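Below is one structure, written out as structure tokens, with a few remarks after it.
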Amino acid sequence: MSERAVALVTGAATGIGAACCRRLAAEGLRIAVHYRSSEEKAQKLLAELPDAFGLRADLADSDQVDALVKELKQQAGRVDVLVNNAGYNINGPMLTMNLGQYDAVAGLARGTWYLSKLVLRRFMFRKGSGRIINISSVVGHTGNAGQVPYTMVKAALDAFTKSLSQELAGREILVNSVAPGFIETEMTEELPEDIKQAILARIPQGRMGTPEEVAEVVAFLATCAGYVNGSVIHVNGGMYGG
Ligand code: NAP
């Protein structure tokens with residue numbers, strides 16, 4: 001049983017997830033680094049973080065989610081913070097997309113729901129308190145051409161935040177979303193230069209954000225902010241305020 005509070009961060013080997021791990025570790029939490037395919041990056045990150053441990057799972061596969069939670073229980077015996085950061089996108093016009101592509105994006109949302117349910121059991125039955133932070137996106141609010149399934153999933157994630165926070169009202173379990181704008185990660189690195197320039201033109205601060213700027217808001221929700229619940233905090237350089 002871990003003495004220190006434990007944070008499980010999903011999709012933690014890269015980008016925003018890795019920044020969240022570093023920031024939460026600096027706040028004194030023990031980190032469970034979840035990854036799916038980025039094994040090497042996860043191992044490098046684990047080497048940086050004191051007492052952290054790795055958990056591999058494809059969150060779209062419920063058996064693997066079951067196994068992840070079992071392993072989390074064995075490794076730490078507790079979980080205090082869940083950062084639902086893993087996300088997946090396929091860009092393309094709706095008319096050319098097929099059901100398999102839709103399922104690839106939406107399957108992760110299903111897995112996020114299922115993982116949260118299993119983690120909630122731990123929160124409720126062991127300690128009765130905890131924090132869930134969902135990483136959604138500005139495009140779940142504004143929409144974005146070429147991202148119909150992704151924007152549907154991100155809008156649903158913010159609705160999940162609101163409904164679950166109400167369902168758990170009265171317990172010491174707070175559920176919030178952080179909705180990043182455009183952030184410099186592998187996800188945005190892949191965008192063609194003309195699209196990047198079009199994005200920059202829409203950001204009043206004139207630059208993309210950094211993963212660290214998202215992670216500091218996540219850390220605020222994970223360690224302070226005791227009266228913030230069911231909220232969506234936008235981190236987007238002024239492009240959308242909710
Ligand atoms: P990223 O580096 O591509 O991270 C996404 C992570 O999700 C990866 O580490 C990946 O794990 C994990 N993942 C994807 N599908 C998975 C699955 N089926 N099961 C388990 N894990 C899965 O991108 P990022 O930019 O840091 O994104 C982090 C979050 O922020 C995502 O939810 C994204 O939608 C959101 N976001 C990003 C931006 C942005 O501009 N970058 C803006 C708004 C919102 P593996 O690599 O191990 O497979």
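What follows draws every value from the coordinates through simple rules; no lab data is involved. What you are looking at is a predicted structure, and each value in this text was computed from that prediction instead of being measured. Note that we place each Cβ from the backbone using ideal geometry, even for glycine, and neighbour counts take in every protein chain shown.
When the residues of region 135-163 are filtered to those that are in a helix (DSSP H, G or I) and of a type in the set (V, I, T), which remaining residue is farthest from E71 (Cα to Cα)?
Among residues in region 135-163 that are in a helix (DSSP H, G or I) and of a type in the set (V, I, T), the one farthest from E71 (Cα to Cα) is T142.
Do any helices (runs of 4 or more DSSP H) lying entirely in region 1-96 carry at least 2 residues that are closer than 30 Å to N236 by Cα, of a type in the set (A, V, I, L, M) and in contact with a strand residue (DSSP E or B) (Cβ under 8 Å, 6 or more places away or on another chain), and which ones are they?
So the answer is 15-26, 39-48.
Can you tell me which residue among I132, I203, I173 is assigned to a strand (DSSP E or B) and either closer than 23 Å to A26 by Cβ or within 12 Å of the ligand (Cβ to nearest atom) (or both)?
Every option except I132 fails the conditions.
How do the pairs read when you match residues in region 1-26 that are closer than 22 Å to V65 by Cα and among the hydroxyl-bearing types (S, T, Y) with residues anywhere that are within 16 Å of the ligand (Cβ to nearest atom) and assigned to a loop (DSSP other than H, G, I, E, B), using Cβ under 8 Å and keeping only pairs 6 or more apart or on different chains?
Sorted first by the residue in region 1-26, then by its partner, the pairs are T10/L59; T10/N85; T10/A86; T14/S38; T14/T185.
Take the residues in region 156-170 that are surrounded by 15 or more Cβ atoms within 10 Å (Cβ to Cβ) and hydroxyl-bearing (S, T, Y), then tell me which one is farthest from the ligand (Cβ to nearest atom).
In this case the residue turns out to be S165.
From the list V119, V148, pick out the single residue that is crowded, with 20+ Cβ neighbours inside 10 Å and either of a type in the set (A, V, I, L, M) or touching a Lys or Arg at 6+ places or on another chain (Cβ under 7 Å) (or both).
V119
Is one or more of the residues making up region 127-137 among the hydroxyl-bearing types (S, T, Y) and surrounded by fewer than 16 Cβ atoms within 10 Å (Cβ to Cβ)?
yes
Look at E190 and say whether it is without any contact (Cβ under 8 Å) to a residue 40 or more places away in the chain, within 12 Å of the ligand (Cβ to nearest atom) and either touching a Pro at 6+ places or on another chain (Cβ under 9 Å) or among the acidic types (D, E) (or both).
Yes: the conditions hold for E190.
Can you pull out every residue in region 217-241 that is loosely packed, with under 14 Cβ neighbours inside 10 Å and in contact (Cβ under 8 Å) with a residue 24 or more places away in the chain?
Hits for region 217-241 are G226, G238.
If you take the residues of region 28-47 that are surrounded by fewer than 16 Cβ atoms within 10 Å (Cβ to Cβ) and more than 16 Å from the ligand (Cβ to nearest atom), which of them is farthest from S2 (Cα to Cα)?
It comes out as A47.
I need the full set of residues from region 82-102 which are within 13 Å of the ligand (Cβ to nearest atom) and among the β-branched types (V, I, T), in order please.
Of everything in region 82-102, those that are within 13 Å of the ligand (Cβ to nearest atom) and among the β-branched types (V, I, T) turn out to be V83, I90.
Given V69, V105, V79, which one is surrounded by 14 or more Cβ atoms within 10 Å (Cβ to Cβ) and within 10 Å of the ligand (Cβ to nearest atom)?
After ruling out the rest, the residue left standing is V105.
Cβ contacts < 9 Å: first residue farther than 14 Å from Q147 by Cβ, restricted to region 100-113; second residue polar (S, T, N, Q), any location; separation 6+ or different chain. Result?
Qualifying pairs under 9 Å: R110/S62; G111/T10; G111/S62; G111/Q64; T112/T10; T112/N84; T112/N134.
Of everything in region 97-115, what is more than 23 Å from V218 (Cβ to Cβ) and either part of a loop (DSSP other than H, G, I, E, B) or among the charged types (D, E, K, R) (or both)? Give them in sequence order.
M97, N98, D103
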